[in-house]
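Q: Please find one structure pasted underneath; my questions will follow.
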Amino acid sequence: MGARTNTEVVVLTALKNNGSAMMRMERLKKTDINYKQVHHIAGGPYKGILVNKQADHLNTVGPCEGRVEFIAYLINSDQNNAAVRDRWTLRFWFRGQVDGVTKKQTLTDYFAELISPKTLPRKYVGFVKRALVLLQRYTLIKRLELEVQELDGDEEDLPPISRGQVDGVTKKQTLTDYFAELISPKTLPRKYVGFVKRALVLLQRYTLIKRLELEVQELDGDEEDLPPIKSFVSVFTPDSYTYRFVPEVPVDSKTFLAFKIKAACDAHLSLCAVYGDVERKTYEICLGAENNSRSFIRDGSFGPIKSEAHTVKLLDEHDFRYFWISWADHHVQVGRGAKQGQGTFLSWVVPPNRHFKVNSMAVATSRQAKGQWEFAEIM
C-alpha cells in the first residue's frame, strides 16, 4: 500500500452549475495528472492533495456504489440568524473487487469520522479540507463527490432563530452531534452492554437532551436473508410528493427490485420508460396510502388504479420495512420481505397496449410523511 500511496495523489475538481456546487475528489496516478489544469499543489499536512482549476464540466463516470444524503441547517448571521437549508449528497466509488458489506462499513466509518463533533469544521472550506484528508487515509475509496444544493425556502418554512430558546435547528444539531459521537468508529463498543453504557455517559454530557429511548428489534430471518450485496444507495424524500429519480439504481437490465423504506405513510415508487416522466409510461406503486391503511398500483402517477389491497400499518416511521417489486413478463407484483414471490399483496397483469420497457426508477413521499429508502444491488 505504501508504494501505491507514493504514486497516487488526491485531486479536487470543483464545478458550479444551476445553483449547486459539485466537488469531485478522486485518486489518480501521478502519471495521469494534467498539470496544465492544476491550480494549487498542497503541502504540509495537506501534502499529496492537488486542486484543479474550476471546471466547466466533469468527466462522465459510472454509477456510484454508495450514497449518503442529508439536509444541512446553516445559520446566516447576515440575515438575522435565519436558517438556510442545503441538501448535501456524498457519492462513493470504491476500488477493487470488494464486497458490499465492506463497502458499506467503509462508507459508514468515513462519514461518521467526517461529521464527528470533535473535529467537525464550522465552515464549508474546512469541511472540504477535512473530506480530502480523510480520503487520503481511507484508501479503499477511489472517488468521492460532494454536491451541495441550496433548497428553496418554500419547501419548509423555517422561522429565524432566537438565541433565548431552543429552536428546531439547535435540537437537530444536538441530535446529529450526539449520534455521530455515539457511533464514532474510534469509540464504538462492540457489545450491546457497552453501547448502552456509552449512550448513558454521553447523555450526561448532552444536557439539552431530556430523555432518550433506545429500541432494539430483532428482524425476522426472511427479511435479512439477502444474498451478497454489490452496492447500495440511500435516498431521503421530503414531505412534498416530489419524485426523485435514482439513476444510481439501474433497472433497465432487470425485472426485480428489493428495497426497504422508513416512512409514516404514502411511499411512492415509479417504474418509468422515460427518465424524468412519471405520468405516461409509468407503473406507480403506492405503499401505505390513506393514513397507512391501503396500497395500490396505478397506471401512471395520478392514473387509474389497477390493483389495490387493504394494508393496515404496512409502514412505520421509526423502523425500516422490506419490500420487493417484480415486473417480469409485464406482470407487476409487490410483496413484503426481501425475497421475490413471498408475501405478495399487489398484482397487475399489464395489457399489451400498455407494455413498455422499464428504464428508470423514482421515489417520493406525500405531504404527510418524509421517507428514507435503501436499495441494494445484489451480486
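The values are calculated or read from the model by the stated rules, or taken from the named source; none is laboratory data. The model shown is predicted, which means the values in this text are computed figures rather than measured ones. These area figures cover heavy atoms from the full protein model, side chains too; ligands, DNA and RNA do not enter into them. Shrake-Rupley method; radii C 1.70, N 1.55, O 1.52, S 1.80 Å.
Q: Reachable lysines from Lys30, Cα under 21 Å, same-chain residues fewer than 8 places away excluded?
A: Here the lysines satisfying the reach criterion relative to Lys30 are Lys47, Lys53, Lys129, Lys142.
Q: Classify segment 269-379 as rounded, prolate or oblate from the Cα gyration tensor: take a ≥ b ≥ c as the square roots of its eigenvalues, call it rounded if a/c is under 1.5, otherwise prolate when a/b beats b/c and oblate if not.
A: Numbers: a/c = 1.40, a/b = 1.32, b/c = 1.06.
It is rounded, given that a/c, with a ≥ b ≥ c, falls under 1.5.
Q: Would you list which lysines come within 18 Å of Lys197, measuring only between C-alpha atoms, while excluding same-chain residues fewer than 8 positions from it?
A: Leaving aside lysines fewer than 8 places away in the same chain, those within reach of Lys197 are Lys186, Lys210.
Q: Using the alpha-carbon centroid of each, what span in Å lies between segment 25-66 and segment 303-379?
A: The two parts, judged by their Cα centres, are 40 Å apart.
Q: Please calculate the 1.4 Å probe accessible area of Leu151, with all protein chains present, and give it to the nearest 10 Å².
A: The value for Leu151 is about 20 Å².
Q: Largest first, what is the accessible-area ranking of Lys47, Lys370, Lys103 with a 1.4 Å probe?
A: Working: Lys47 150, Lys370 110, Lys103 10 Å².
Heavy-atom accessible area, descending, gives Lys47, Lys370, Lys103.
Q: Now, a different point. If the limit is 26 Å between Cα atoms, which of Lys103/Lys171; Lys260/Lys357; Lys260/Lys306; Lys313/Lys339; Lys313/Lys357 go over it?
A: Values: Lys103/Lys171 31 Å; Lys260/Lys357 24 Å; Lys260/Lys306 23 Å; Lys313/Lys339 20 Å; Lys313/Lys357 32 Å.
The answer is Lys103/Lys171; Lys313/Lys357.
Q: Hey, another quick one. Does segment 14-55 classify as rounded, prolate or oblate by the C-alpha gyration tensor (a ≥ b ≥ c root eigenvalues; a/c under 1.5 gives rounded; else a/b over b/c gives prolate, otherwise oblate)?
A: Note, shape of segment 14-55 comes out prolate.
Q: For the full complex of protein chains and a 1.4 angstrom probe, list Arg137, Arg336 by accessible area with the highest value first.
A: On the way: Arg137 135, Arg336 105 Å².
Greatest to least solvent exposure: Arg137, Arg336.
Q: Going by accessible area, probe 1.4 Å, with all protein chains left in place, what is the ranking of Thr60, Thr255, largest first?
A: Per-residue accessible area, sorted high to low, gives Thr60, Thr255.
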